[in-house]
Amino acid sequence: MSANILFITQSKHTIDELQKINQEEGNPYKFFFAQTSHTALNIISDNVITAVAIDLSFAKFDSPGLLSILQYDFPNIFRLCIFSAKERQKFIGLSKYFHKTIKFPLIPKEVLKTISELVNLSNDQLDPVLIAKINELGTIPVLPDIYLRLEKEISSSNLSMNRVAEIIQTDR
């Protein structure tokens, strides 16, 4: 079940946290780290990468450009998003590019579980052409159900903060 996972982040703190997870006993994955799109693409061309996780917390990072490249040039690579509550709006705009999310703060068990789910999909010996076609489905509009429900409730003339809280609770 070993797989190579590439994390793209400019945060030293995030890299340190991920390196601790990488060194945990029982972690079957090899982690790579990049701070720029250029470095990430070099790592991808030199290694067989199963998944790429992109940290949305840095405005300078050209995530839409890299995500388009990954989607069309490397459709067999799964795409993960790492984000915090303050990047939620940015994530919604880019959600069509991602297969899974990892939320800050990073919880080792959750990070490994999320990666494991994607690796298991890639290990199911699915037809590579089919996987590539599924990964290219970024053109259909994708908005999380919770976001749509929340937007509907907030726009309602009969706004209820209790209902808003219930909707938010289902997002955990």
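Read the figures in this text as sums done on the coordinates, not as results from a lab. This is a predicted model, so every value here is computed, not measured. Cβ coordinates were reconstructed from backbone atoms using ideal geometry, including for glycine residues, and neighbour counts include every protein chain displayed.
Computed from label points 7 Å out along Cα-Cβ, the spacing between Val48 and Leu159 is 5.3 nm. The peptide list 70-78, 8-16, put in order of mean Cβ contacts within 10 Å with the highest first, becomes 70-78, 8-16.
Please give the FRET efficiency for Lys86 paired with Lys109, using the beta carbon to beta carbon distance and R0 = 30 Å, rounded to the nearest 0.05. It comes out at approximately 0.80. So which lysines can Lys20 reach, going by Cα to Cα under 29 Å and dropping same-chain residues fewer than 8 places off? List returned: Lys12, Lys30, Lys60, Lys86, Lys90, Lys100, Lys103, Lys109, Lys113. Close amide H pairs (under 5 Å, H built 1.01 Å from N) link Ile82 with Ile54, Asp55, Leu56, Ile102, residues at least 5 positions away or on another chain. Label positions at Lys96 and Thr36, each projected 7 Å from the Cα along the C-beta direction, are separated by 2.9 nm.
Extension gain, Asn27-Glu151: 0.36 nm per intervening residue step, less the Cα-Cα distance, totals 40.7 nm. Put simply, when 154-161, 104-111 are sorted by average Cβ atoms within 10 angstrom per residue, most first, you get 104-111, 154-161.
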